[in-house]
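See below for the structure under consideration.
The values are calculated or read from the model by the stated rules, or taken from the named source; none is laboratory data. As the structure is a prediction and not an experimental result, all values here were calculated from the model. Quick reminder, even Gly has a Cβ in these numbers, built from the backbone with ideal geometry, and neighbours come from all protein chains shown.
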Amino acid sequence: MRLSTEHWAHRVNQVIRVVVVATDPARREELCELLAAVPGLRVTAAGAELPRRRGHRGEVLLVQHDFGSDDTRLIELGRLSRRRRVVVTSMSQLRSDIWMAVSCGALGYATSDAELVPALRSAAEGRPHRPYFLGDPPAWLDLPHLTDRVFAYVRERERAQYHRLIHDHVLQTLEGLALSPSITDVEVKALLSREAGALRRFIRAGVGEDVRPLLTELRSIIARHDRKPLDVVLRTDGHTTPPLADQTLRALADAANEALCNVSKHAAAPSAAVTVTAAPDAVSIRIVDSGVGFNRRTTRPGFGLNESIVARMQSVGGNATIESIPGRGTVVELTGPAIRVPSRPEHRAA
């Protein structure tokens with residue numbers, strides 16, 4: 001049962017001063033009218049920009065924020081929350097958006113007008129007020145600096161939008177073609193099903209808890225290349241890996257796929273081995289083939305080696321090394337950094 005605004009007003013005798021910030025003039029006016037009708041609340045200022053002054057003692061800043069529209073404002077909000085008690089209101093109920101507000105130092109988060117007064121009262125008393133469905137915090141919340149957390153959050157939000165686009169268009173098309181009676185070639189239908197499955201796994205992939213998501217990706221990749229005359233085996237060192245950021249996991253898997261594509265097309269190798277090794281701060285994948293090899297001094301590397309392998313790993317803070325001897329095969333080693341997970345502090349802006 002939700003408490004009425006009158007109940008809250010009688011519980012707290014002092015008047016709570018509220019500064020309203022909303023870029024949309026209509027929403028700003030609506031918030032001011034709503035709060036003006038609540039006993040015990042007084043709107044002392046309203047505007048479109050975050051205030052720079054310190055504010056009165058006990059004053060609460062109510063910020064209406066449209067996540068995804070102006071992410072630089074989150075950094076400003078985080079700095080402001082060191083001096084002010086902040087409540088964020090937004091229609092978004094995405095857990096990542098709410099955790100971002102928490103990371104910026106917001107004491108309260110209101111997804112509806114009915115939550116505004118309880119959130120403001122709690123913030124005035126120095127108590128947090130957050131949705132009950134928040135769940136576990138994302139991995140990026142452990143990053144030590146606010147700017148790093150904002151950038152990681154923005155990447156996660158953009159990735160989610162990208163995944164929805166793939167799911168709603170590319171994946172649906174592939175799965176539709178795989179089931180279409182107009183396609184009768186068994187190998188083509190099998191290829192469409194495999195590619196659709198790989199896309200669906202890519203969409204579902206998040207931050208890895210251990211080696212299993214990476215091994216799942218590698219097994220799927222190897223299944224596409226493990227056909228005569230090439231025999232591909234997967235080996236692991238048996239140790240649990242440190243957590244990997246999703247972009248690192250994807251880079252490792254995609255670079256390994258490119259390396260195996262090169263083995264299939266150029267190496268003329270009867271066999272190849274893929275070995276996954278875990279260390280406390282990194283994960284490595286070693287792809288070794290017994291093919292014809294090449295001379296790196298005289299052979300100009302193509303786009304696949306330079307961009308799809310080396311540059312891809314460098315883009316996530318990892319690295320790739322390629323060694324080859326003519327007549328004796330090639331070794332590609334990929335290394336991706338693990339997420340640094342410090343002890344979990346109280347999540348206030350820093």
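Scanning region 207-241 for residues that are in contact with a strand residue (DSSP E or B) (Cβ under 8 Å, 6 or more places away or on another chain) and either of a type in the set (Val, Ile, Thr) or at pLDDT below 70 (or both) returns VAL207, GLY208, VAL211, ILE222, VAL232, VAL233, THR236, HIS239, THR240, THR241. Of the residues screened, SER96 is one that is touching a residue at least 40 places away in the same chain (Cβ under 8 Å) and either more than 14 Å from ALA123 (Cβ to Cβ) or part of a loop (DSSP other than H, G, I, E, B) (or both).
Give region 35-46 a look and list any residue that's crowded, with 17+ Cβ neighbours inside 10 Å and outside any loop (DSSP other than H, G, I, E, B), or say none. Hits for region 35-46 are LEU35, LEU41, VAL43, ALA46.
Using the structure shown, decide if ALA119 is within 18 Å of VAL88 (Cα to Cα), in a helix (DSSP H, G or I) and in contact with a Gly (Cβ under 8 Å, 6 or more places away or on another chain). Against the criterion (within 18 Å of VAL88 (Cα to Cα), in a helix (DSSP H, G or I) and in contact with a Gly (Cβ under 8 Å, 6 or more places away or on another chain)), ALA119 qualifies. Do we find a residue being assigned to a strand (DSSP E or B) and at negative phi anywhere in region 246-256? No, the conditions are met nowhere in region 246-256. Do we have any residue at all in region 24-34 that's at pLDDT below 90 and either charged (D, E, K, R) or surrounded by 14 or more Cβ atoms within 10 Å (Cβ to Cβ) (or both)? Yes - at least one qualifying residue is present in region 24-34. A search for C-beta distances below 6 Å between a residue of region 111-137 that is among the β-branched types (Val, Ile, Thr) and any residue that is surrounded by fewer than 16 Cβ atoms within 10 Å (Cβ to Cβ), counting only pairs 6+ apart in sequence or on different chains, returns THR111/GLN93. Out of all the residues in region 127-137, is one or more outside any helix (DSSP H, G or I), surrounded by fewer than 14 Cβ atoms within 10 Å (Cβ to Cβ) and more than 27 Å from the chain's Cα centre (by Cα)? Yes: region 127-137 contains one or more residues that are outside any helix (DSSP H, G or I), surrounded by fewer than 14 Cβ atoms within 10 Å (Cβ to Cβ) and more than 27 Å from the chain's Cα centre (by Cα). Residues of region 67-96 that are modelled with pLDDT of 90 or more and under 15 Å from ARG157 (Cα atoms): none at all. Per this entry, VAL18 is not counted among residues that are in contact with a Phe, Trp or Tyr (Cβ under 6 Å, 6 or more places away or on another chain) and crowded, with 23+ Cβ neighbours inside 10 Å.
Residue pairs whose Cβ atoms lie under 9 Å apart, sitting 6 or more positions apart in sequence or on different chains, and linking a residue in region 267-294 that is outside the structural domain of LEU230 (by TED's automatic domain parsing) and closer than 12 Å to ASP231 by Cβ to a partner that is hydrophobic (A, V, I, L, M, F, W, C) and buried (at least 18 other Cβ atoms within 10 Å of the Cβ), do not occur here.
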